[in-house]
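A quick write-up on the structure given underneath.
The values are calculated or read from the model by the stated rules, or taken from the named source; none is laboratory data. This structure is a prediction, so every number in the text was calculated from the model and none was measured. Here the Cβ positions follow ideal geometry from the backbone for every residue, glycine too, while neighbour counts run over all protein chains shown.
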Amino acid sequence: MADQCHVCLLRLIILCPLLTGSSGADVTHVFSTSGENVRLPCINALSDCTTTVWIYNRDSQTTVELIAGGKTKNDTERRERLSVGSDCSLNIKKVTQEDYGLYTCQQFVNGQHKGTDARVYLHFFHVSSSSSQTEIRPGRSVTLSCQFHSYEYPCDTLVRSEELQLIWVNQAGVNLMTDSRYLISVSPTHCTSTLTTTLLNEDHNREWRCQVTQRNQLKTSASFTVNYSDKVCTDAGSLFRVIMIILEIAAFAAPTVILLQIICARRAGRKDSHHPEEMEMPTVLE
């Protein structure tokens, strides 16, 4: 019984910082998608950023020092995309999936660690399709997946503590949940939302977005745009319209050409009558 109590207590100790989420003074959550520029705040910064150190954890086994003394380290792989703001924040340009993880801002004065660490969890979202580009055409079913990536953070715990939602919307920002054309399912335990629909001719260049909201506030969104590789050949309606236009032009052009021929022939006849010297002379009999 005592061992079971110890196990329960250990689990509680582990979960406490997770459940507090961003309500704790030293924890911040930042949500991003591919290509965005993000700012990771350093809420324990001193007046001078020369004391600031930023470290990065992609997993529990690896720790990388990105910033030391307020400057980017030369041996950092992402050096060109990293910079330190005037408030000691860490700026990352053109975020990729490889950037998500735990970032920790620390302060060192004369080699001594000062104050508490400021932790920033950078979460990454992206939308992918279950179909290849050649399979994306009218009449085919397509499934889009909006997926969440986080550093060793139980997704269901994060969803509850941070009140996260994944919402599918169209180009106008209208929620697609109530549209019967779309089948939407959400997996809170894996932070994944999928959208399934059958493609229509008019879906060419149509965009669907997966929005990430925290406490009903939009944090970021990732989109997918339908693009038919051969629109004319795959769109029977458009092909029919093209054929009808060609037939209409042909039907109009035929009588027009005949009329022009008649007009030209008559003009040629009038021209000949005005030049008698060019006409054949009659034969004189002796």
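One table, with the values for the structure above:
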| item | result |
| --- | --- |
| Candidates 117, 87 - the one that is in the same structural domain as residue 36 (by TED's automatic domain parsing) and in a loop (DSSP other than H, G, I, E, B) | 87 |
| Check on residue 82, closer than 16 Å to residue 30 by Cβ, of a type in the set (A, V, I, L, M) and either assigned by TED's automatic domain parsing to the domain that holds residue 35 or buried (at least 19 other Cβ atoms within 10 Å of the Cβ) (or both) | yes |
| Residue within the stretch 201-218 that is more than 29 Å from residue 156 (Cα to Cα), buried (at least 16 other Cβ atoms within 10 Å of the Cβ), at pLDDT below 90 and in contact with a Lys or Arg (Cβ under 6 Å, 6 or more places away or on another chain) present | no |
